[in-house]
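The values are calculated or read from the model by the stated rules, or taken from the named source; none is laboratory data. Remember, it's a predicted structure, so these values are computed and weren't measured experimentally. Please note: Cβ atoms are built from the backbone with ideal geometry, for glycine as well, and neighbour counts cover all protein chains shown. Heads up: the accessible areas ignore ligands, DNA and RNA and are worked out on the full protein's heavy atoms, side chains in. Shrake-Rupley method; radii C 1.70, N 1.55, O 1.52, S 1.80 Å.
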Amino acid sequence: MGEGGCDSLERMDSIPPLDYWIFSTPHAEGAMDLSSIFGANGSLMLDLGAGEGSFIIDYAMKNPQACLFAIEKKISRVRKIASKARRLNLKNLRVVHCCWEQFLLRHCMPSSVDEIHILFPDPWPKRRHHKRRSIKAPVVQAIADVLKPNGICRLLTDNREYFLWSEKLFLLSGYFEEKPLSLPSEYPESLFQKRFKERGIICYQAVWRKKTTL
């Protein structure tokens, strides 16, 4: 899905009025009580770099008690997810127009999130571009900060080198332990995942659990 950093986020003041499903605060300052937006006490899940939204829409349909946020920087994709959510009347989903690194670092309260999913981030394979990767030490620290104890972060990618890079960062942080994967059907498949499966391309997946004690 390739979130590719924060530099291309469109300005909200140039975008027409949004609707119920779009929660926009890319230029706001300070952490937000995300669960209070729903007025519910369900588990809080973030889909970081939600792309066209096939995963988060399916997840929302199968988990009606959960409080779900799709974080996406491209307004065309934001509107596409919101349009699907509107048609299906998914009251448990909001779409945030924001780059997800910024969202984690600025807008999430500590120890407030139950699940984080990062599906097919842009791998920036050339060594000189590695600094543009979204998964880096400060972001792993931010993920650790916002997750509840025993909260999980899941990564799915078709790039083995990026997978190993990310795995090393999570384990070196000292905040996480890798959790054995359950059956593949535990989570809905994203559009990219389905396409790669059809083409016989191997995808790499890990789930890290935040430790309760360090």
*Restricted to the range 69-83, and to residues that are small (Gly, Ala, Ser) and surrounded by 23 or more Cβ atoms within 10 Å (Cβ to Cβ), which residue is farthest from Ile143 (Cα to Cα)?*
Ala82
*Tell me, yes or no, whether the range 30-37 has at least one residue that is in contact with an Asp or Glu (Cβ under 9 Å, 6 or more places away or on another chain) and charged (D, E, K, R).*
no
*So Leu155 clears everything in (1) open to solvent by 30 Å² or more (accessible area, probe 1.4 Å); (2) under 23 Å from Ala60 (Cβ atoms) except one condition, right? Which one?*
(1)
*Failed item, numbered, when Asp122 is tested on (1) at pLDDT below 90; (2) in a loop (DSSP other than H, G, I, E, B); (3) acidic (Asp, Glu); (4) touching a Leu at 6+ places or on another chain (Cβ under 9 Å)*: (4)
*Looking only at the range 138-152, count how many residues are buried (at least 17 other Cβ atoms within 10 Å of the Cβ) and among the polar types (S, T, N, Q).*
0
*From Arg106, Arg128, Arg86, residue being outside any strand (DSSP E or B), open to solvent by 60 Å² or more (accessible area, probe 1.4 Å), over 17 Å from Trp208 (Cβ atoms) and at pLDDT 90 or above*: Arg86
*Looking only at residues in the range 167-214 that are at pLDDT below 95 and polar (S, T, N, Q), which one is least open to solvent (accessible area, probe 1.4 Å)?*
Ser190
_the range 51-68 - residue that is open to solvent by 40 Å² or more (accessible area, probe 1.4 Å) and touching a residue at least 60 places away in the same chain (Cβ under 8 Å) and, of those, farthest from the chain's Cα centre (by Cα)_ = Lys62
*Test Ile71 against the criterion of being in contact (Cβ under 8 Å) with a residue 24 or more places away in the chain and in a helix (DSSP H, G or I), and give yes or no.*
no
